[in-house]
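Here's the structure we're looking at; comments come further down.
The values are calculated or read from the model by the stated rules, or taken from the named source; none is laboratory data. Quick caveat, the model's predicted, so the values are computed rather than measured. Heads up, the Cβs are rebuilt from the backbone with ideal geometry, glycines too, and the neighbour counts pull from every protein chain shown.
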Amino acid sequence: MVDSALLSLRKYPGPRPVSIREAQKQLTRERLIQTAIAVMVDRGFEAATIDEIASRANVGRTTVYKYFSGKPDIAAAIAETQQTQMMVAISAIKNIEPGSHADLCAWLEQFESTFAGQAQWMFLMPLTPDKVMHSLMEQDAAAEMILNEWALRGWVPAVAAPAQSLRLLFNLVGRWLTYHAVFAIPEPEHSREALLELLNCEITRIVHRVT
């Protein structure tokens, strides 16, 4: 029988553990990350302490330090987890059929669900130029992968810089979601329909079907 620790880790992106012991270690690490997120949401990044993270996770300080060198290391792990989950959600657009409004609606709903789930802690940690650059590089890599997937289905680039054009769309969607998912600003009337129309038009401008 597969151990429950292995089953629990199926929801996390990234390499799968190769043993029950490794699965348990990964599960503990993920529990510490999620606990740290909760503490930072409640206290703020600066006021959060290793002691409170350990207490809420029901472990000792030494256990926390087995996995992380300190709060900056935990913050980096949170950022990595966030980035991975966001890239998975963004990259799911590879499954749509360009020009399909229904496919695009389904992708936006899935992306919005992931985005909203991270909204409470997305901006807890200070944003640095290095983090921004890393995010842009990840988005460029995702865009290239998406374009390659579409090319396998007969959709080829129709503009000079298709990956950069897709990255701009990702950032547009992220900004739109930030307003109402993070800052709880009411969604303007018909803005979702306008966003979907713009995305549909831009995607079919960026790629076209080979006849």
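General remarks:
- Take the conditions (1) assigned to a loop (DSSP other than H, G, I, E, B); (2) surrounded by 19 or more Cβ atoms within 10 Å (Cβ to Cβ); (3) touching a Pro at 6+ places or on another chain (Cβ under 8 Å); A48 misses just one of them, which is (3).
- Which numbered condition N171 fails, given (1) of a type in the set (S, T, N, Q); (2) free of Cβ contacts under 8 Å to residues at least 40 places away in the same chain; (3) farther than 19 Å from M87 by Cβ: (3)
- Selection over the range 189-201 of residues that are part of a loop (DSSP other than H, G, I, E, B) and surrounded by 12 or more Cβ atoms within 10 Å (Cβ to Cβ) gives a count of 0.
- The criterion of being within 17 Å of the chain's Cα centre (by Cα) and over 16 Å from W107 (Cα atoms) does not hold for L177.
- Residue check for I33: modelled with pLDDT of 90 or more, under 21 Å from F115 (Cβ atoms) and not assigned by TED's automatic domain parsing to the domain that holds V156: yes
- Every pair of residues 6+ apart whose Cβ atoms lie under 6 Å, when the first sits in the range 174-185 and is surrounded by 14 or more Cβ atoms within 10 Å (Cβ to Cβ) while the second is part of a helix (DSSP H, G or I) and among the aliphatic types (A, V, I, L, M): W176/L195; A181/A116
Each row is one residue, and each column tells you yes or no for (1) in contact (Cβ under 8 Å) with a residue 60 or more places away in the chain; (2) within 24 Å of K131 (Cα to Cα).
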site	(1), (2)
I74	no, yes
A77	no, yes
Q85	yes, yes
A89	no, yes
I93	no, yes
P98	yes, no
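- Options R153, R167: the member that is farther than 23 Å from E112 by Cα and not hydrophobic (A, V, I, L, M, F, W, C): R153
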